[in-house]
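**Q** Take a look at this one; I'll ask things after.
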Amino acid sequence: MIRAVTLNNNDGQGGATPDLHERVAQLGLGQIDILCCQGVWRARDDSEDETRTMAKSLRMNSSFFAASPAWKRKTERNENGVRGLAILTGAGIWPLNSGSLQGIDESDGSKGIVQFALVRTNGASILVLNLHLCGSRQLQLLQLGALFSHPMLKERYGAVVLCGDRRTRLSVKELQTITKRSHYTSHSLPPSASSEGDGLLWILVAGKQPVASVTIHNQQSSASLEFEIDRIAQDKTYKPYYLPLSFKEQWAGYKTIAKPSPPVSIAGAILQE
């Protein structure tokens, strides 16, 4: 079983919160496999990093960090540090790639950060997305619409886990319309905006030709989600002509091959018959 947790630490003060890992411990969830945090503090001189502090305290073996451009602008008058997004993974969750995408920002509706991490467990891949969800309904429509139109979400993963710092204001019909732009659909719809303080934790699966089966073990009404994922055996007769070795190369698009040829190794790809 996999336990995913989302935690918002954006207090708007621009300072460090040394007890962030204690807040996680207070949830009383035991072992955490995937932890998404928003509003994580990092000092510019790297003397203080909440991501490293939490990883050490929770014994999580991997962590990633992406600073939000909006927060960088807000802290220009105080160069002590920035706040951003962090994804941590526990034992048995193997990170394959990580980075950030340009998204919609709360202030001007044009720029922002969506952090991603592609991980693997039990033979299946999981794409983890972490973001600051805009407050207004109109900006949420733009933000999530742009995200689910991204080429990355047209690739095949076992599941997609979307984490945010607030619950969505969108209706069920609006969410269904947005997800149709990708290859994924809600396994179960996320909770509505009952309060601003509650985070978003949403799991999606492939709408057609899934490569893994997903079973949820708790209700998606809190900041934690427990689920199982198992790889579905594929037909051995299926052989893709192009197997990208680079994750970014994969969602950027496949290369067109005119004629099949015997296996030949080249930089960044393998051609097969």
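**Q** Hey, could you pull the Cα Rg and Dmax for the stretch 142-188, both in Å?
**A** Gyration radius and largest Cα-Cα distance of the stretch 142-188: 10.5, 28 Å.
**Q** Say each of Arg231 and Ser136 gets a label point 7 Å from the Cα, pointing the same way as Cα to Cβ; how far apart are those two points in nm?
**A** Here the answer is 4.6 nm between the modelled labels.
**Q** Can you compute the FRET efficiency between Asp45 and Gln102 using 1/(1 + (r/R0)^6), with r the Cβ-Cβ distance and R0 = 25 Å? Round to the nearest 0.05. Let's see the in-between values first.
**A** Working: r = 27 Å, r/R0 = 1.08.
About 0.40, to the nearest 0.05.
**Q** Treat the count of other C-beta atoms within 10 Å as a stand-in for reagent exposure and order Asp33, Asp230, Asp165, Asp45 from fewest to most. The partial results should precede the final answer.
**A** Working: Asp33 21, Asp230 13, Asp165 24, Asp45 9.
Result, fewest neighbours first: Asp45, Asp230, Asp33, Asp165.
**Q** OK, next. Show me 34-42, 156-164 ranked by packing, highest mean number of other Cβ atoms within 10 Å first. Present the calculation step by step, with values, prior to reporting the outcome.
**A** Values: 34-42: 25.8, 156-164: 23.9.
Sorting 34-42, 156-164 by mean packing, highest first, produces 34-42, 156-164.
Each value in this text was obtained by applying a stated rule to the coordinates, not by laboratory testing. Note that this is a predicted model, so its numbers are computed, not measured. Cβ coordinates were reconstructed from backbone atoms using ideal geometry, including for glycine residues, and neighbour counts include every protein chain displayed.
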